[in-house]
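Engineer: Let me begin by handing over the structure; questions about it come next.
Quick note: the coordinates plus some simple rules give every number you see, no bench work behind them. Just so we're clear, the structure is a prediction, and the values are computed from it rather than from any experiment. Glycine gets a Cβ as well: all are built from the backbone with ideal geometry, and neighbour counts include every protein chain shown.
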Amino acid sequence: MSAEALTSAEYIHHHLTFLTFGRLGDGTWTFAHSAEQAKEMGFWAINVDTMVFSIGLGALFLWGFLRVARNVSTGVPGGWQNFVEWTIEFIDENVRGSFSGRNPLIAPLALTTFVWIFLMNMMDLVPVDLVPWIAGHLGVHYLKIVPTTDPNATFGMSIGVFLLILYYSVKMKGLGGFVGELTLEPFGKWGIPANLLLEGINLLSKPVSLSLRLFGNIYAGEMIFILIALMYGGGLVLGTFGGALQFVWAVFHLLVVTLQAFIFMTLTVVYLEMAHQESH
């Protein structure tokens, strides 16, 4: 759909609607044809576009890095091998600077988190009408190609990190040490209710901040691209200005998508470092 065929509100609403599959109130399993139907499907509905693009980009990441691992050369490396080696060294240096313990999971987790989120964020730089226009000709009425603009995706990743925090907190400190950390700090045994409240909020804020920071920044970038795309239907002058504005925002947004992937990765490593420490 183009901005010319819809009102501005309809155009924005269309681009912010996921391709959702679920069960309607009458028991029918189908793809939602409106936001109202998607809401009716409830908690167990699946945003198919988020799943397809996130899993597809994850597979692309694994294939690209595995290809280098299988064909690595000791001579003069090619461009792709250079890039992969530089990425691994960059992540390794950051992990060494943020994580003082010994855990073979942390560096691979940091690498996966950074590259996967970076690839998902980069989908925001694809022209907003291109893929939905192609999908529309194939009978797919709604399609969002940026998985990190779906809070389900960002919360899913942050919950995964949160479970690792809980696991290593108990593993390294023992169940008693972990519970003691939540109930005895910072006010001692006489302040257990206040301690539990403060430490509980601090613990739960980790996955919430991880997910909302990533979602909010990428969602805002997507919204700006959509608003700029509306300018193409306003005549030659406004359309030309919109094209120039889109280029400038795309260059700036390239920094944003990279920074958000880096922040998520760094905070993941820092939170796991805190989970490995006896106290914080």
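Engineer: Hey, rough spin-label estimate for residue 125 and residue 152, points 7 angstrom out along Cα→Cβ, what's it come to in nanometres?
Structural biologist: Computed distance between label sites residue 125 and residue 152 equals 2.8 nm.
Engineer: How big is the Kirkwood radius of the range 206-280, worked out from every pair of different alpha carbons and given in Å to one decimal? Don't skip to the answer; put the middle values down first.
Structural biologist: Details: mean 1/r = 0.0686 Å⁻¹.
About 14.6 Å, per the Kirkwood formula over Cα pairs.
Engineer: Still on this structure, please answer the following. Please return the longest stretch of the chain lacking exposed loop sites, where chymotrypsin sites (Phe, Trp or Tyr not before Pro) count only if DSSP places them in a loop and at most 10 other Cβ atoms lie within 10 Å.
Structural biologist: Formally, the longest exposed-site-free interval is 45-280.
Engineer: Right, another one. List the trypsin sites (Lys or Arg not before Pro) in the range 17-106 that DSSP assigns to loop (not H, G, I, E or B) and whose Cβ has at most 15 other Cβ atoms within 10 Å. Which are they? Intermediate results must be reported in sequence, preceding the final value.
Structural biologist: Details: sites: 23, 39, 67, 70, 96, 102; in loops: 102.
Those satisfying the criteria are 102.
Engineer: Can you give me the P(r) profile for the range 152-280? Cα pairs, bins 5 angstrom wide beginning at 0, each as a whole percent.
Structural biologist: Taking all Cα pairs of the range 152-280, the binned fractions are 2, 10, 15, 15, 12, 10, 9, 7, 6, 5, 4, 3, 2, 1, 0 percent.
Engineer: Suppose only helical runs count, i.e. DSSP H with n ≥ 4. What mean residue ellipticity at 222 nm does that imply for the chain under -39500 (n - 2.57) per run, divided by all residues and rounded to the nearest 500 deg cm²/dmol?
Structural biologist: Here the helix-only value at 222 nm equals -24500 deg cm²/dmol.
Engineer: Right, next: Please report 273, 222 as a ranked list, fewest other C-beta atoms within 10 angstrom at the top and most at the bottom. If you can, show how the numbers build up before the last one.
Structural biologist: On the way: 273 18, 222 21.
If I rank by nearby Cβ atoms, fewest first, I get 273, 222.
Engineer: Continuing with this model, one more query. List the residues whose amide H sits under 5 Å from the amide H of residue 20, counting only those 5 or more places along or on another chain, with H placed 1.01 Å from N in the peptide plane.
Structural biologist: 32, 48
Engineer: Using only alpha carbons, build the gyration tensor for the range 15-65 and give me the equivalent ellipsoid semi-axes, biggest first, whole Å.
Structural biologist: For the range 15-65, the ellipsoid semi-axes come out as 28, 11, 7 Å.
Engineer: For a quick check: sort 158, 34 by the number of other beta carbons within 10 angstrom, fewest at the front.
Structural biologist: Listed from fewest to most nearby Cβ atoms, that is 34, 158.
Engineer: Tell me, 91, 218, 201, 226 in order of fewest to most beta-carbon neighbours within 10 Å?
Structural biologist: Ordered from fewest to most neighbouring Cβ atoms within 10 Å, 91, 218, 201, 226 come out as 201, 226, 91, 218.
Engineer: Can you tell me, using C-alpha contacts under 8 Å and at least 6 residues apart, the relative contact order of the chain as a whole percent?
Structural biologist: 24 percent
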